[in-house]
Structure formats: structure tokens, C-alpha cells
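Below is one structure; the comments refer to it alone.
The values are calculated or read from the model by the stated rules, or taken from the named source; none is laboratory data. Given the structure is predicted, the values throughout are model-derived calculations rather than measurements. Neighbour counts run over all protein chains shown; Cβ positions are idealised from the backbone, glycine included.
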Amino acid sequence: MQRVLTTVIALPTLLFLIVCLPQHNYLAFAILIVVISILGNYEMYNMLTKGKNWKIQSPPWLGAFLPAAAYIQYSYLPEYDLTTLVLVVLLIFVFSLEMINGYDIDGYRGSGERMAVRACLLVYPSLIATFFVRFCFLENAWVWIITLLGLCFASDTFAYVFGMLFGKNNKGIIKVSPNKSVAGYIAGISIPSLLALLLTAIFPIYGMNPFSGLLLGLLTAVGAALGDLIESCFKRSSGVKDSGHVIPGRGGMMDSIDSLLVAAPIFYFVVYILT
């Protein structure tokens, strides 16, 4: 019931932000991406440091500067790669903190692991989240954002349904997520591909031929499946079932956006190349 209520409330709210608030290059949606990045950073921080006898001094929310920088770059400074500059500055900053504090923590014995965690927190999810900001500056941005969300939702949903119906005897193909089935993966990849083919064939607004639509759906669905598996790897290494508890009935923020994180850059580049 919690899961259903969350979907009923969250989905219309998200669609309202995308369709009804396009002002200033979808500023409301970009702010949402920054907030999601902050929540995702905290969940990743908790997972990556779980069971460690040390903590990282730099605040987990530093990565949220990256989607904010991307919005500023595409809005006001398109000739400058502000996002990459901010990433480099943040990396230098967090590595310098380790240089300063590492000796007092453990004589630098765990510095390599802590620096890797700091870098990971900047890249996943924050750097990848900048691709959602890029969508805000595409022509007909709302079409592409809703299509991405729809394809990823279809991939997750049909993979689950077909896995339940036909996957009992073909599970365990990928060890990091042994409950996932071959039947689920086939449905989760093929059905979004067909949906994208139909959308691009029916609606001229996409500016794609059906073959390009099929390719878009196929690669996006593969990315969505990979995103789910990558998140499973993080959760298994931390020994947790959910990344957090911020979303009733669904667990953490990362549990809800894991598929989108990998699918978004793939979707963006396919759209960029084929339109």
C-alpha cells in the first residue's frame, strides 16, 4: 500500500514539474535533480562507509554542486565547461582533506580507500545526474524526459512481471542479483525497445525513424538493467537490502533512480547522435 500511495503521489507531481513548469529551462526540475543528488550522496556515503572504523570529513552533499554547475553552465556559460572545472576543484579539495587528516586517522593506511570513496561520491550519483540537467536544454525537453522515465519504468515493470510469471526456472544468471531471471531480462529489454519504436513511428515530434527509435529503446533498457545491477553490487558490499528509507514502500532514493542513472547518459547520447 505504501508503494502504491508513493507512486500515486510522486508520479503526478513529477509530471507536473516537467510539463507545467518549463520556465527558465525547467528550473524546477533542475532543483529537484539537485535535491535528489543530495539524498543519493548521503545514502551512498552510508553504504560505502558502513562497518568502517573511520569516517570521511568532507560533507557527502558536495557532489550536489555538479548538477547545479551544469545548470549554470548551460544557462549562462555554454562556452565554458564549468561542470568539469567544478568536478576537478572538488576532487582536489577532498583529496587535500585526506592529505591533511589521513595521518591522524590511521597514519594514511586507509587513505587510498577513503580517497576512492570520496571520488565515488562525486561521480555516482552526482556527476551522472548532470545528464538530467542536460535534458532541460534540449528542444522539446519535456518529451525526452518523459520518454526516458517511461522507458525505464517499463523496463523495470515488465522485467518484474515476466520474471514472476515465467522466471521461476531460469534465475541466477547474474550472481550479483540471483533473483533476477532470463525471462525478466528479455521482457525488460525487448518491450521498451518496441515501445520506443512505436512512439517514434507514430509521433513526428521525436524526429526519428522507427529503426532509430528501436535502437534508442534497446540501449536505454540495457542501461536501465545495468543500473539496477550496479546498485545491487553497492548494496551487497554494504550488506543492506535497501539504500535508505526516505521513500515509503520503496526504500532509498538510490533504489528508485538506480536504473535511470545509467540509462540517462546512454539515452542522451543516442538522442544527440540520431536527431
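Within the stretch 54-67, track down each residue that is surrounded by fewer than 20 Cβ atoms within 10 Å (Cβ to Cβ) and modelled with pLDDT of 85 or more.
Pro59, Trp61, Leu62, Phe65
When you look at Tyr272, is it within 22 Å of the chain's Cα centre (by Cα) and hydroxyl-bearing (Ser, Thr, Tyr), yes or no?
Here the answer is yes, as Tyr272 does meet what is asked.
For the stretch 114-208, list the helices (runs of 4 or more DSSP H) that sit wholly inside it and hold at least 2 residues that are among the β-branched types (Val, Ile, Thr), at pLDDT 90 or above and surrounded by fewer than 22 Cβ atoms within 10 Å (Cβ to Cβ); which are they?
Hits in the stretch 114-208: 141-166, 182-202.
Looking at Ile72, Ile9, Ile105, which one is in a helix (DSSP H, G or I), closer than 30 Å to His245 by Cβ and in the same structural domain as Phe131 (by TED's automatic domain parsing)?
Ile105
Could you tell me whether Leu229 is buried (at least 24 other Cβ atoms within 10 Å of the Cβ) and closer than 22 Å to Tyr42 by Cα?
Criteria not met by Leu229.
For residues that are free of Cβ contacts under 8 Å to residues at least 40 places away in the same chain and farther than 21 Å from Leu195 by Cα, tally how many sit in the stretch 129-163.
First, the residues of the stretch 129-163 that are free of Cβ contacts under 8 Å to residues at least 40 places away in the same chain: 139, 153, 157-158, 160-163.
Narrowing the set further to residues that are farther than 21 Å from Leu195 by Cα leaves 139.
Qualifying residue count for the region: 1.
Quick grid of which residues meet (1) free of Cβ contacts under 8 Å to residues at least 24 places away in the same chain; (2) part of a helix (DSSP H, G or I):
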residue	(1), (2)
Phe211	yes, yes
Leu214	yes, yes
Gly223	no, yes
His245	yes, no
Ile257	no, yes
Ile266	no, yes
Phe269	yes, yes
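Residue by residue through the stretch 54-83, note down the ones that are in contact with a helix residue (DSSP H, G or I) (Cβ under 8 Å, 6 or more places away or on another chain) and free of Cβ contacts under 8 Å to residues at least 12 places away in the same chain.
Ile72, Gln73, Tyr80, Asp81 - these are the residues of the stretch 54-83 that are in contact with a helix residue (DSSP H, G or I) (Cβ under 8 Å, 6 or more places away or on another chain) and free of Cβ contacts under 8 Å to residues at least 12 places away in the same chain.
Would the stretch 103-110 turn up any residue that is touching a residue at least 12 places away in the same chain (Cβ under 8 Å) and of a type in the set (D, E, K, R)?
Yes: one or more hits.
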